[in-house]
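Inspection log for the structure reproduced underneath, given as structure tokens.
Each reported figure results from applying straightforward, stated rules to the coordinates on display, with no laboratory input. All values derive from a computational prediction rather than experimental measurement. Cβ coordinates were reconstructed from backbone atoms using ideal geometry, including for glycine residues, and neighbour counts include every protein chain displayed.
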Amino acid sequence: MLQYLLSGLGIGCVYGLVALGFALTYQAARFFNFAHGAFFMLGAMGAYALVRAGVPVGLAVPGAALVVGAFAVVCERLVFRRFVLGGQGEINTIVVAIGLASIIRGVSVAVWGPQPQSVPSLVPGDAISLGGAVVRRELLVIMVITAIVAAALFWLLQRTRAGVAMRATADDLPLVGAFGIDVRVVLPTVLFISGLLAGIAGALVAPVFKAQPVMDVPMLIKGLAAAILGGLGNPWGALVGGLCLGVIESFGSRYGGSSWADVITYAVILVMLVMRPEGLLGKRTLEKA
Amino acid sequence: MRGALVLRGALGAAAVAVALLVPAIVEATAANPPYLQQVIDLIAIFAIATLSLTLLSGVAGQLSLGQGAFMAIGAYGTSLLAVRYHWPLGLAALAACALCAVTGVLVGVPALRLRGAYLVMATLAFAGITYGAILNWTEFTGGPQGIQGIPAPAPFGTPLITERDFYYLILAALALALAIVTVVRRGHRGLRMRALRNDELAAMAVGVRPAYERTAAFAISAALAGLAGALLSMFVGYISPDLFTIDQSVQILTMALLGGMTSVLGAIVGAAGVQTLAELLREFSEYQLIAYGAAIMIVVILVPDGIVGGLRRALARLRKGAT
Amino acid sequence: MRRILVMAWCMAAVLLVGACGSDEGSGGSGSSDPIQIGFIGDLTGPVAPYSKASLEGARIAVDEANQAGGVDGRKLELKVYDDKNNPIQTVNIAKRAAPGAAALIVASGSANVLAAGPAIERAQRPFIVTVSSNPAVTESGWKWVNRVHLSDADQVQAVLAYGIEEKGLKRIALIHDTSDLGRGGQKLILDKLTDAGLKPVTDQSYAPETNDFSAQINALRDASPDGVAFWGTLDAGARIVDQMHAVGMKNVQFMGGGGLVSNEFIELAGDAAQGTVAAWAYVDPDNPTLKEMSAKYKSATQRDPDVFAAQSYDGARILVEALKQAGTDPEALQKAIRATQYSGAVGDITFDDKGQNQRTIHLGQVKDGEWELLK
């Protein structure tokens, strides 16, 4: 039992980190970044490319995350901003992000090929035994990083001016300008953090998952599910949603058969949207119309 | 006003004539007629699937990423009934469309309170569940091995085997779909206009009808997508879950946005655009993903109301300039 | 500005629809035109690793033939089409490519081949299948099909016979993907186990694009197997065996199909690959044809050839030989392919009257970072 719980929590942290970026973007700009899965994939492919270029693993992982963060800012400047500021509607923004993800996948296949690539681990060695259950070292690191990110996020959102600005943006886009908070600063910041988190998740699990261009869409779906499960209006929701999704999948596969794992993920999305669109941690009063 | 009507009639008649003559034109001009006809047939099938979205957005102002799932239900319903239970093909297709309509209601009712991106994601999840079900429920659906040997329809006794024969069947279905969408949209707009004139009616329309109308729109839309799926299964003669992945739903949404949803013509233009792009980029493998993504982005950025919408605005501006 | 762009877009779309129909010349008519060979595969989706390897293999064979002067003074031209693993697109391609091509090489997944097969049959062109392993491909009564790929049934038989009879495994766990490949393998493995009076200790499955196998690995670990029979693609196999080892399942015999025999598997799985047993498609490492082909493949791709590259290479060579004997007449060409007595990179190949190639299956095992012939 403990084994299933730990496995679920470990993978849940990966989902949580991805979902966090998703929720932050949604909170800051009311926009669903369907290219977010591609950021995760770029993290893994970036770590592979850096290691192949001779960069030590210890530098390649943060390096890849930083590159993805920077890339996300470029995407914001060139693509997303006009949609968010132009009020083009959520659907067009989703479609434009799908187009962007398609380009990223295409370029990745052209550059690195369609095959999976192995990436050396930041923490090589066998899994660590904890009370009869075993956990891979990579996932332990991810758990620790998730905890750090959670603490940093708390500090950032609650205590700093930038965090307040981010939350204000989410509450009322048109009003933000009036209060002297510049969307053109907040949005790139949020995109940078989102890209960084997705990139670091991708780079860290690359030794376990193996880096491959097609890993983008499955993780997009997991991140979406986790964010919706926890509640899009709340960054804590994304982390909690990720952990819950990981555990649900772990036990769901155990009792329901492992081929249905994806169906479980989709069912989580559908049930949450229909029964409780504000998510587990969302405020009941929020009208998602 | 009358002049415009006459012009419209003439244009419509010309369009019908051209549509009927397409196979002859293809036969006479193309280097490889079966291939070109195949692409045109597929464009028409996907135009029907895209029209199902045009209808949904026109009535309910909503979009769905689940049309691929309704296509799957239409295709699997038709194929299973025809191949395994030996139903006559026409009846099987009809029953499959009805099943889609029922599923449409089942999805539409809980989705009533969802809007915009939330609805998109709920329908995406529905598409994921449907795909997982047909993939994993192997005893019933054949699983990943799919269903082989779906018979060709034989409306006049002889089975339609060539792409050319099939074209007329698809064309008839497309005409039916166009008619349904036009009528529903007109009816809906008419109702709103009447509601504006009369307060009582307006209250009724706002109080009771919207839920009913949106659910009905979901049902009809699902049935249309199912019709496209049924046609696809008969046309290809083989179906497997790979035909109905999330990508398929994304592609249908792309077609709708590319063509534009302000007019029924947009569905045809969008389906033609996406299919043509796919064929043109065929030999470029990974670059087609890049070009496909770029095409989507360019259209959404430059003409957010689609090609037909953009053309209309351009025409309107031209006309203004002329007078 | 915007208006002009929109107009340009529409005009481009219309023009291109027309162009689509006309870019395929009726190849094969002129005596000096190149002979076209159509290549269909998934070059960007989930089957891409196999289709791409196939493409490279076929390319080497075609280049060789062209350097040797082609066929009857005519060059060979490989026309490549990407079906993105979408069966409808495979049908489109088949209809588009078949009339202009002397023959087709189809390196797509099974669902795609099953969808496109009838279209190729109707176009009456010989086609060589190099990746799909579904029995239905050669059991559908098709006249024009030739498969240069091992049948899954024979591979399962060979691998499990080794596990059960020679290694004496009793607690065999099964893990397979939910695609056509994995489901087909699952059925064959279950049948084989039943024949041997065994039951699988657990039967796990996963979606083809899965990266994280922790749920499946947990279940495998709970079942404490002494052997794991795996049926799926190389990348998943490498991930699974790697993740198994990481959680301490080190003395469990890992067994799989011919797709695993490639250095890529060893690179991906690392030390965990050690001891893995798989059906081996190319028999003799000292086979000069394989050696020569390997060297060319490596210089072109910086990777070692896998079974799909080797099979596709052989398939294209069989085609070239048949073209030399019979010319481009489809009937004669197909007859010549079926009558092939060929010795190539994967060993001796002949076809039965359904188009399935017949060859002996050997087993390979990973020892110290290399695949070695086991028997």
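Summary table
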| quantity | calculated |
| --- | --- |
| Distance histogram in 5 Å bins (all Cα pairs of segment B:10-68, percent per bin) | 4, 16, 16, 17, 16, 13, 11, 5, 1 |
| Alpha-carbon Debye profile of segment A:2-275, log10 I(q)/I(0) at 0.09, 0.16 Å⁻¹ | -0.39, -1.25 |
| Calculated log₁₀ intensity ratio I(q)/I(0) where the Debye formula runs over C-alpha points of chain B, q = 0.08, 0.10 Å⁻¹ | -0.38, -0.61 |
| Highest-MSF residue in chain A out of A:129, A:250, A:102 [GNM, Cα springs under 10 Å] | A:129 |
| Percent of C-alpha pairs per 10 Å bin, chain C, short to long | 5, 24, 31, 22, 12, 5, 1, 0 |
| Computed magnitude of the charge dipole of chain B (debye, nearest 20; Cβ of K, R +1, Cβ of D, E -1) | 1620 |
| Amide H within-cut-off set for residue A:231, under 5 Å, with H built and near neighbours excluded | A:280, A:281 |
| Relative contact order [Cα under 8 Å, 6+ residues apart], segment B:20-244, whole percent | 42 |
| Residue order, fewest to most beta carbons within 10 Å, for C:280, C:142, C:371 | C:142, C:371, C:280 |
| Chain A: calculated mean residue ellipticity at 222 nm from DSSP helix runs of at least 4, using -39500 (n - 2.57) | -25000 deg cm²/dmol |
| Ordering of B:39-50, B:89-100 by burial proxy (mean other Cβ atoms within 10 Å per residue, highest first) | B:39-50, B:89-100 |
| Built amide H within the under 5 Å cut-off of residue C:147, gap 5+ | C:129, C:356, C:357 |
| Shielding score for A:245-254, defined as the mean number of other chain Cβ atoms within 10 Å | 2 |
| Assigned charges on the beta-carbon of Lys, Arg, Asp, Glu; chain C dipole about Cα centre (debye) | 800 |
| Residues of segment A:74-113 with amide N under 19 Å of the 7 Å Cα→Cβ point at residue A:160 | A:74 |
| Rounded to 5, the percent of DSSP beta bridges in the protein assembly as shown classed as antiparallel | 35 |
| Peptide-level mean, for C:86-99, of C-beta atoms on other protein chains within 10 Å | 6 |
| Computed FRET value (nearest 0.05) for residue C:374 with residue C:33, which takes r as the C-beta separation and R₀ as 60 Å | 0.80 |
| Of the DSSP H helices in chain C, those whose Cα atoms cover at least 24 Å axially and whose Kyte score averages -0.5 or more | C:2-22, C:48-67, C:307-326 |
| Ascending count of other beta-carbon atoms within 10 Å, so fewest first, for C:231, A:236 | A:236, C:231 |
| GNM top mover of B:306, B:270, B:61 - chain B, alpha-carbon springs below 10 Å | B:61 |
| Virtual spin-label span in nm between residue A:280 and residue B:168, 7 Å along Cα→Cβ | 6.0 |
| Pairs of alpha carbons in segment C:136-293 whose separation is greater than 24 Å (percent) | 33 |
| Simple spin-label estimate for residue B:14 and residue B:294 in nanometres, 7 Å along Cα-Cβ | 3.4 |
| Dipole magnitude (debye, nearest 20) for segment A:2-275, charges at Cβ of Lys, Arg, Asp, Glu | 320 |
| Pairwise FRET efficiency - residue A:52 versus residue A:145, Cβ, R0 = 22 Å, nearest 0.05 | 0.40 |
| Relative contact order (%) - chain C, alpha-carbon pairs under 8 angstrom, separation at least six | 17 |
| Gain upon complete extension [residue B:137, residue B:113; 0.36 nm per residue less C-alpha separation] | 5.6 nm |
| Theoretical FRET efficiency, 1/(1+(r/R0)^6), r = Cβ-Cβ of residue C:329 and residue B:6, R0 60 Å, to 0.05 | 0.55 |
| Residue (of B:94, A:251, B:55) at the positive-pole extreme of the protein assembly as shown, dipole from beta-carbon charges | B:55 |
| For segment B:14-67 versus segment C:308-351, the gap between their alpha-carbon centres in whole angstrom | 40 |
| Distance (nanometres) between label positions extended 7 Å along Cα→Cβ at residue B:31 and residue B:106 | 4.9 |
| Mean separation of Cα contacts under 8 Å, 6 or more apart, over the residue count of segment A:2-275: relative contact order % | 42 |
| For chain A, built as a Gaussian network whose Cα springs stay under 10 Å, the top-fluctuating residue of A:216, A:126, A:182 | A:126 |
| Violating pairs (Cα-Cα greater than 27 angstrom) within the set A:210/C:167; C:75/C:335; C:324/C:354; C:250/C:296; C:52/C:170 | A:210/C:167; C:250/C:296; C:52/C:170 |
| When the protein assembly as shown is reduced to its Cα atoms, the Kirkwood hydrodynamic radius in Å | 29.3 |
| Considering only chain C, percent of DSSP beta bridges that pair antiparallel, nearest 5 | 30 |
| Residue C:280 long-range amide H proximity, modeled H, under 5 Å | C:362, C:363, C:364 |
